[in-house]
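Report on the following structure.
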Amino acid sequence: EDDNQELITIIGKKESVDMAKAELEDRIKSLDNVVSIECNVPTKHHRHFVARRGEVLKHIADEYGGVTVSFPRSGIKSETVVIKGSKDCVEGAKKRILEIVDDLDAQVTVECVIPQQFHRTVMGKLGSNVQEITRTHDVGIKFPDRAPQQNGGGQQNGGENAQNVPNGDVNGEEEGHSKSDTIIITGKPENCEAAKQALMNLVPVTEETTVPFDYHRYIIGSQGKDVRRLMGDYH
């Protein structure tokens, strides 16, 4: 809430303050030396960088001194990406962009077949389960459109990280399975397999246990309180 938004205040011992001030002035001076460099990014990967209002580019800008990264406009067939900023920052941003491209080239597409009747359970409340898996395993997860016999319905996407990668292998569970049961996972091969197993672990199973009828009311509890607690505690 300071009136002067350009003033940086340094507090400490005099010797330390002088050293910090000198270092800050050097960094500020280097930021004034704006340069522009180019790097090539295959057009098939452009969408990854500009999706979700340029979320990836915002992270790069935050990490590398506020550099600006300009991709070719939609419809222009060009792989040239322009990076502007201080010299050290643009070189770091370029290296990071090329690392992301290498990761995208290494991605594959894997199919995970789970009956659609379990998709809602697997996704969790507001997609929480799938969002956690995408973050943990660094993959994209895409759920299929609902089958027509289920009264239509729109596409279900497994969180903000969901994405489509055109290259890579497709490993099906079995030939002839329904598309409405097929969940698409994209990412590095080892990450996809780990995410696939995590999804399969969320598929509900049914087990039966025998309890004499006279005891049922003790399990249910007053107005169903105890059985609801059991369902809540163990999902």
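What follows draws every value from the coordinates through simple rules; no lab data is involved. Worth saying up front: this structure is predicted, and the values here are computed from it rather than measured. With ideal geometry, Cβ positions are generated from the backbone for all residues, glycine too; neighbour counts draw on all protein chains shown.
Give me the net charge for the shell around residue 74: Cβ to Cβ below 15 angstrom, other residues only, Lys and Arg +1, Asp and Glu -1.
Net charge in that neighbourhood comes out at +4.
Which order, highest average first, do 178-187, 4-13, 37-46 follow once you tally other Cβ atoms within 10 Å for each residue and take the mean per peptide?
Packing proxy ranking, top to bottom: 178-187, 37-46, 4-13.
Please sort 66-79, 130-143 by packing, taking for each peptide the average over its residues of neighbouring beta carbons within 10 angstrom, highest first.
Final packing ranking: 130-143, 66-79.
Can you find, among 67, 17, 30, the residue sitting farthest towards the positive end of the charge dipole of the stretch 1-145, where Lys and Arg contribute +1 and Asp and Glu -1 at Cβ?
Result: 67, furthest along the dipole toward the positive end.
For residue 35 and residue 135, FRET efficiency with R0 = 25 Å and r from the beta-carbon atoms, rounded to 0.05?
0.10
Using r as the Cβ-Cβ distance of residue 43 and residue 88, and R0 as 35 Å, what FRET efficiency do you calculate, to the nearest 0.05?
Efficiency computed from Cβ-Cβ geometry: 0.80.
Between residue 200 and residue 28, take the C-beta separation as r, use R0 = 45 Å, and let me know the FRET efficiency to the nearest 0.05.
Efficiency, from the Cβ-Cβ distance: 0.25.
What are the extents of the Cα atoms of the chain along their three principal axes, listed from largest to smallest and rounded to whole Å?
Answer, in whole Å and largest first: 81, 52, 31 Å.
At 222 nm, what value in deg cm²/dmol follows for the chain if DSSP H runs of at least 4 each add -39500 (n - 2.57) and the sum is divided by all its residues, to the nearest 500?
-13000 deg cm²/dmol
Could you work out how far apart the two model spin labels at residue 20 and residue 217 are, taking each label as a point 7 Å from the Cα in the direction of the beta carbon, and quote it in nm?
Inter-label distance under the simple model: 7.2 nm.
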